[in-house]
Structure formats: structure tokens, C-alpha cells
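Novice: Here you go, one structure.
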Amino acid sequence: MRRIVLLVGIGLMFGTSGSSLAPPSGSPILDGIVTSSAEGPMEGVLVSAKRVGGTITVTVVTDEQGRFSFPANRLTPGEYQLRIRAIGYDSEDSHLGASVGTAKREVDIKLKKTRDLASQLSDAEWLMSVPGTYEQKRRLFINCDLCHSFAPILKSTYDASGWMTTLARMHNWIPGSLLTKPILSPFHKGALPGDEEFANYLSSVNLSSRPTHNFQLKMLPRPKGADTRVVVIEYDLPRPDVEPHDAVMDAEGMVWYSDYAEPVVGRLNPRTGEVREWRDPLAKPGYNGGFLEVELDREGNPWAGRPGIGFNGLAKFDKKTGTFRNFAFPVESDRAKKGPPIMSTGFIDITRDGKVWDRDIFSKKAFRLDPLTAEIRAFDGFPPEIMSKDYRPKATIKGYDARAAGSDHLLYGIRSDSEGNLYETDIEGGNILKIDGMTGKVTMYPTPTPDSGPRRMHIDSEDRLWIGEYYGGKIAMFDSKTGKFQEWSQPIPWYGPYDVEPDRNGYLWTGSMSSDLITRLNPKTGEFRHYLLPSLGANVRRVDVDNSGTQPALWVGENHRARIARVEPLSQ
């Protein structure tokens with residue numbers, strides 16, 4: 001097959017104000033048209049360029065004429081490889097490239113129908129395709145993409161007996177594991193209720209009894225119109241198994257990230273692609289010492305929460321000295337008396353006066369730390385009098401009865417308001433809880449959608465909470481002053497908004513573990529934009545809006561691809 005070599009080295013040019021990338025500008029340095037015999041010119045095809053041996057990938061999307069164009073200030077002379085993403089298609093040339101100097105170069109790309117559509121499906125598309133009840137699909141949706149995509153499950157050949165063995169093994173992997181890097185829990189689990197039924201279901205939809213799937217593989221449409229007006233820049237991280245759960249840009253333009261699997265805080269310099277990492281020496285052999293949420297204090301120092309069982313508290317990283325300071329909390333769950341600490345304190349928030357909030361999902365305690373004095377105050381995050389109240393009638397959603405299925409309460413993401421009060425999401429109970437920072441009084445606010453699964457959130461200058469309703473597939477706003485909610489339904493099936501943050505123009509950004517689409521909502525009109533990431537199975541969690549440039553952009557960690565991505569819309 002013909003090989004084309006592309007000389008277009010990468011040079012990411014920055015503006016003089018702030019630390020953001022300058023807006024794409026200048027005449028295209030590289031462009032072309034993407035076509036196929038089936039469609040002719042193809043809109044919505046992602047074309048990515050990466051320097052040979054480099055760590056930065058720039059991606060653009062074809063317009064309605066099938067034309068792609070790399071702005072001049074995104075690429076400078078050098079040698080590149082190209083790749084495409086267009087579901088249902090592969091490139092006719094498996095070694096895409098071209099040679100370009102300082103003058104513009106045109107490279108046309110021809111695509112052909114793929115012979116392996118199953119390898120191109122996102123998890124959301126698998127759930128759209130696979131037969132089964134809502135309850136059966138929901139178990140896949142909630143549990144399995146924590147560690148890997150659905151493709152290995154649906155393309156496997158395990159029968160029901162094989163799945164029982166596999167499920168028992170995977171119950172002992174903790175969140176933060178990968179297929180290539182299983183991390184064992186220190187507490188052994190056997191079969192769980194419902195495993196036999198789930199094993200029978202999985203063996204009925206995989207390839208255990210047939211060479212091909214006996215159901216139609218369904219695809220989401222390619223981007224079109226305004227959804228093609230975007231540039232995505234991806235930065236490879238130094239280890240292939242690093243999991244950038246959270247990625248946050250500081251005031252100097254550096255992006256700090258937490259490794260979900262290892263006790264590591266890292267820093268990306270987007271100007272150069274340089275990455276540095278620091279390991280917290282507190283980590284204990286045999287336990288998951290990884291970090292989850294990362295927040296920056298007023299001096300720009302990262303604080304990271306510890307989600308792993310066997311650890312207690314949180315860590316502050318001093319960026320000037322390159323050292324960690326760890327804080328332990330005084331209260332542990334009753335189960336801790338039987339062995340090592342059983343806590344999960346992965347989510348944190350920093351108040352405007354510098355206090356640090358955290359919470360433990362096992363004891364249902366919230367903690368507030370004063371870093372100056374090391375004083376810690378514990379609060380009942382979910383006191384018994386709140387848990388015993390029935391705030392809503394029994395409800396059924398899409399044929400799924402959350403109460404009958406044993407829905408409980410689980411404290412998840414947290415945010416503090418301008419007065420230092422704490423808000424918690426109750427992902428299993430479908431509630432938002434407020435802890436009064438002075439009195440400790442807890443008030444619970446049920447979401448309008450039962451079993452909505454509120455996950456993570458951000459709070460704006462008006463003390464409004466913007467929430468990802470993961471189970472309900474919605475974005476929600478909670479006005480803490482009035483106690484009222486507003487919800488917007490995500491149009492992508494099985495999307496699962498994980499986190500939501502508004503930008504300075506009032507648009508709302510969110511990402512998903514099950515889909516590679518970054519979405520932006522205009523809450524005034526209800527219009528969604530969907531920007532497709534170049535990497536299949538990115539597994540996005542935290543989102544971080546960058547308001548420093550001429551137009552807001554978004555930073556996300558690709559948790560299962562060891563990359564950090566920046567999504568830059570080219571138009572409102």
C-alpha cells in the first residue's frame with residue numbers, strides 16, 4: 001500500500017495575554033478533502049496530526065464539503081502522521097501522511113467501509129445496540145466502564161459459568177483498575193447477589209455461542225454543522241497506564257492532574273508538552289494510593305483527595321518545594337476497628353477563606369480542615385433523622401424501580417458556597433444535601449427526577465449548583481437561595497453526564513465515561529453542541545473550563561487513554 005510521509009512538525013503558538021493557546025488563525029498550513037465511494041465528500045470526519053515521535057496531537061473536523069483545515073498557528077514545518085475517526089469507516093491508506101514545508105499543502109484522504117464496526121463503537125453505542133432490559137443494561141452502565149470499555153465484554157466468548165468466575169474476580173478489583181493493570185482490593189469478595197442472572201445475560205449477548213453478534217450495531221451520527229467547528233489538542237502523558245481522573249488549569253496556564261491509580265500528582269505545560277510528576281511517599285504496599293479530585297488553593301497548590309480503601313484523609317502538594325503534606329481525619333467507620341482504615345475521601349473543595357472540605361462515603365461524615373491550624377471539624381453528612389425520612393413517593397423510571405432494587409444513599413461530589421456551607425450529592429438516593437457550616441444542620445433536597453444519580457458539580461458566583469445527573473442523563477441546576485431545581489435532558493442515549501461547569505458566557509460543559517462526546521448546553525435555548533474526541537474510550541470524568549482566552553475552552557483528562565485534552569470551539 002502506498003505510504004505518504006508528512007512533513008509538518010508541531011508548534012503550538014501561544015498568545016501574549018494569559019496562558020491559553022491563541023485562537024486558531026492564519027491561512028491553513030495543511031488541508032484537504034475526505035471522501036468515500038459510499039458518500040462522496042464526508043462531513044464530520046476527525047483528522048488528527050501528530051509529529052513522528054512527538055506527544056501532542058492536533059485534531060480538526062471536516063465541514064459539509066468534506067474539507068479539513070489545520071490553522072497555520074497550530075502546525076509548523078516538520079514530519080507528521082495522520083489518522084482519522086469516522087465511525088463505520090477506515091482509511092484506504094493505513095499509513096496516512098504527507099510532506100509539507102512552510103507553504104500550504106493539500107492532502108486528500110479516501111475512506112472505505114470498515115469490516116470491524118464493533119471495534120469502533122463507544123460504550124453508549126453498545127448500550128444502544130445490545131438487547132436487554134433497562135435493569136440489565138444499567139448494570140453494565142454503572143459498573144463496568146469504571147475500569148474498561150464494554151467492547152471486551154461484548155466481544156468475549158465466556159459462557160455463563162465463565163462469567164461467574166470472571167465476575168467474582170472483578171469484584172475484587174477496585175475502581176482505578178485497568179485491564180492491563182488490575183488493582184486488588186484488600187478485602188476479598190465472592191459472588192454478589194444478581195451475579196448469576198447477570199452472567200446469563202452477558203453470555204446471551206456476547207460471542208459465546210455465535211461467530212458474530214445477532215443484533216444490529218447502532219451508531220451515533222457523525223458531527224455536523226456547528227459541531228464540526230472545533231480544534232482538539234491531546235497531550236500524551238509519560239506512562240501508558242496513568243489515569244488522569246481530574247485535570248485543572250492554574251492561573252499560570254499549567255494543567256495539574258491526579259492519577260487515579262497511583263499516589264501521583266502531575267503537571268502538564270501546554271506550551272511545550274512537558275510533563276512532570278511527583279509521588280506521595282505515604283502510599284502503602286498492597287493498597288490503592290491513587291488520587292481522585294484535585295483542587296487548587298489560593299497560592300495555586302494542588303490538593304488531592306484519596307478514594308482508596310486503606311487510606312485516610314487528603315494531601316496537599318507544595319509546588320515550590322515539591323513536597324506533600326498529608327492530613328488524616330479523626331473519625332473512621334465502625335468497620336475500621338476490624339482492620340485497616342476503611343474510608344473513601346476522594347472528593348474535596350476549598351472555600352473562599354481557604355478551608356478544605358472532604359467527606360467519607362463509609363461513615364457518611366464530612367470534614368472541614370483549617371490548613372493554618374490543622375484543626376479538623378467533623379459533621380454528620382447524612383444524620384439518621386435525614387436518612388429515615390421518605391421525601392418522595394416510590395417511583396419507576398423506564399421500567400426500573402429504584403426502591404425495589406435496593407437503592408441506598410451514597411455521598412459523592414461536594415461543593416461549598418460563598419458562606420462556607422457544604423453541598424453534597426447523594427448519587428444513590430437522588431438528593432442534594434446542604435450542611436450548614438456554622439450549625440452543622442443538614443437539609444435534603446430531592447432532585448425532580450427520581451433516581452437521577454447526581455454525581456459531580458460546580459458552583460457559580462450566584463451560589464447556583466450545576467450538577468451532572470449521571471443515571472438520569474440530565475444536567476441540573478439547583479438554586480441554593482430558593483431551593484428550586486431546573487433540569488435539561490441530554491439527547492445522547494446512555495450519556496451519563498459526570499460533571500458540569502458553566503463558562504463565562506453561561507454555557508454548560510459536561511463529559512461522559514460512556515461516550516467520547518464533550519457536550520455544551522445553552523441553558524437559555526436548550527441547544528446542545530457535541531464535540532467528538534479523537535480517542536475511542538477516553539472515559540472523561542472531571543471537566544475544567546478555561547475562561548482565559550478570547551473564547552472559553554475545556555480541559556479534560558482521558559482517564560483510560562493516558563492523555564489530557566483541550567477542546568476549543570471555533571464559534572459560539
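Novice: Report every pair of residues separated by at least 6 positions or lying on different chains whose Cβ atoms are under 8 Å apart, first residue within region 405-431 and on the phi > 0 side of the Ramachandran plot and hydroxyl-bearing (Ser, Thr, Tyr), second modelled with pLDDT of 95 or more and assigned to a loop (DSSP other than H, G, I, E, B).
Specialist: Correct list of pairs: empty, since none qualify.
Novice: Restricted to region 119-154, and to residues that are surrounded by fewer than 18 Cβ atoms within 10 Å (Cβ to Cβ) and among the β-branched types (Val, Ile, Thr), which residue is nearest to Val242 (Cα to Cα)?
Specialist: Ile142
Novice: Quick test for you: out of Tyr80, Tyr89, pick the one residue that is within 28 Å of Asp31 (Cα to Cα), surrounded by 15 or more Cβ atoms within 10 Å (Cβ to Cβ) and touching a Gly at 6+ places or on another chain (Cβ under 7 Å).
Specialist: Going through Tyr80, Tyr89 in turn, just one is within 28 Å of Asp31 (Cα to Cα), surrounded by 15 or more Cβ atoms within 10 Å (Cβ to Cβ) and touching a Gly at 6+ places or on another chain (Cβ under 7 Å): Tyr80.
Novice: Regarding region 122-131, can at least one residue be identified that is hydroxyl-bearing (Ser, Thr, Tyr), in contact (Cβ under 8 Å) with a residue 24 or more places away in the chain and in contact with a strand residue (DSSP E or B) (Cβ under 6 Å, 6 or more places away or on another chain)?
Specialist: The answer is no; no qualifying residue exists.
Novice: Okay, next question. Can you pull out every residue in region 532-548 that is more than 20 Å from Arg267 (Cα to Cα) and in contact with a Ser or Thr (Cβ under 7 Å, 6 or more places away or on another chain)?
Specialist: Within region 532-548, Pro534, Leu536, Gly537 meet the criteria.
Novice: Let me ask something additional. Is one or more of the residues making up region 67-86 within 19 Å of Glu568 (Cβ to Cβ), of a type in the set (Gly, Ala, Ser), at pLDDT below 85 and in a loop (DSSP other than H, G, I, E, B)?
Specialist: Yes, some residue in region 67-86 is within 19 Å of Glu568 (Cβ to Cβ), of a type in the set (Gly, Ala, Ser), at pLDDT below 85 and in a loop (DSSP other than H, G, I, E, B).
Novice: What pairs can you find where one residue is in region 260-275 and closer than 15 Å to Asn559 by Cβ and in contact (Cβ under 8 Å) with a residue 60 or more places away in the chain, the other is part of a loop (DSSP other than H, G, I, E, B) and acidic (Asp, Glu), and their Cβ atoms are less than 8 Å apart, with a gap of 6+ or different chains?
Specialist: Tyr260/Glu243; Ala261/Asp241; Ala261/Glu243
Each row is one residue, and each column tells you yes or no for (1) out of contact with any helix residue (DSSP H, G or I) (no Cβ under 9 Å at 6 or more places or on another chain); (2) at pLDDT 95 or above.
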| site | (1), (2) |
| --- | --- |
| Ala191 | no, no |
| Phe198 | no, yes |
| Ser203 | no, yes |
| Pro238 | yes, yes |
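Novice: State the number of residues belonging to region 223-277 that are assigned to a loop (DSSP other than H, G, I, E, B), among the polar types (S, T, N, Q) and in contact with a Ser or Thr (Cβ under 8 Å, 6 or more places away or on another chain).
Specialist: Counting residues in region 223-277 that are assigned to a loop (DSSP other than H, G, I, E, B), among the polar types (S, T, N, Q) and in contact with a Ser or Thr (Cβ under 8 Å, 6 or more places away or on another chain) gives 0.
Novice: Do you know which residues across region 359-388 are under 12 Å from His409 (Cα atoms) and in contact (Cβ under 8 Å) with a residue 12 or more places away in the chain?
Specialist: Ile361, Phe362, Ser363, Lys364, Gly381, Phe382, Pro383, Ile386, Met387 - these are the residues of region 359-388 that are under 12 Å from His409 (Cα atoms) and in contact (Cβ under 8 Å) with a residue 12 or more places away in the chain.
Novice: Sticking with this one: Scan region 546-571 for residues that are of a type in the set (D, E, K, R) and either in the same structural domain as Asn269 (by TED's automatic domain parsing) or part of a strand (DSSP E or B) (or both) and jot them down.
Specialist: Asp546, Glu558, Arg563, Arg566, Glu568
Novice: Among (1) outside any loop (DSSP other than H, G, I, E, B); (2) under 22 Å from the mean Cα position of the chain (by Cα), where does Tyr471 come up short?
Specialist: (1)
Novice: Sticking with this structure for a sec: Checking Trp163 against (1) under 19 Å from Asn200 (Cβ atoms); (2) under 26 Å from the mean Cα position of the chain (by Cα); (3) buried (at least 17 other Cβ atoms within 10 Å of the Cβ), only one condition comes out false. Which one?
Specialist: (2)
Novice: Working only within region 306-325, note down all residues that are within 21 Å of Ala247 (Cα to Cα), touching a strand residue (DSSP E or B) at 6+ places or on another chain (Cβ under 8 Å) and modelled with pLDDT under 95.
Specialist: Once the filter is applied, which keeps residues that are within 21 Å of Ala247 (Cα to Cα), touching a strand residue (DSSP E or B) at 6+ places or on another chain (Cβ under 8 Å) and modelled with pLDDT under 95, region 306-325 yields Arg306, Pro307, Gly313, Leu314.
Novice: Next up: Within region 167-177, can one find any residue that is closer than 25 Å to Glu125 by Cβ, assigned to a helix (DSSP H, G or I) and in contact with a helix residue (DSSP H, G or I) (Cβ under 8 Å, 6 or more places away or on another chain)?
Specialist: Yes: one or more hits.
Novice: Please tell me if Asp116 is surrounded by fewer than 18 Cβ atoms within 10 Å (Cβ to Cβ), touching a residue at least 60 places away in the same chain (Cβ under 8 Å) and not hydroxyl-bearing (Ser, Thr, Tyr).
Specialist: Spelling it out, it is not the case that Asp116 is surrounded by fewer than 18 Cβ atoms within 10 Å (Cβ to Cβ), touching a residue at least 60 places away in the same chain (Cβ under 8 Å) and not hydroxyl-bearing (Ser, Thr, Tyr).
Novice: For Pro182, all conditions in the list (1) farther than 29 Å from Ile518 by Cα; (2) in contact with a strand residue (DSSP E or B) (Cβ under 9 Å, 6 or more places away or on another chain); (3) without any contact (Cβ under 8 Å) to a residue 60 or more places away in the chain hold save one; what is the number of the exception?
Specialist: Tallying (1) farther than 29 Å from Ile518 by Cα; (2) in contact with a strand residue (DSSP E or B) (Cβ under 9 Å, 6 or more places away or on another chain); (3) without any contact (Cβ under 8 Å) to a residue 60 or more places away in the chain, Pro182 fails exactly one: (1).
Novice: Return yes when Leu554 is free of Cβ contacts under 8 Å to residues at least 60 places away in the same chain and within 25 Å of Pro240 (Cα to Cα) and no when it is not.
Specialist: Here the answer is yes, as Leu554 does meet what is asked.
The values are calculated or read from the model by the stated rules, or taken from the named source; none is laboratory data. What you see is a predicted model, and the numbers here were worked out from it, not measured in a lab. Neighbour counts are summed over all protein chains in view; Cβ atoms, including those assigned to glycine, are modelled from backbone coordinates with ideal geometry.
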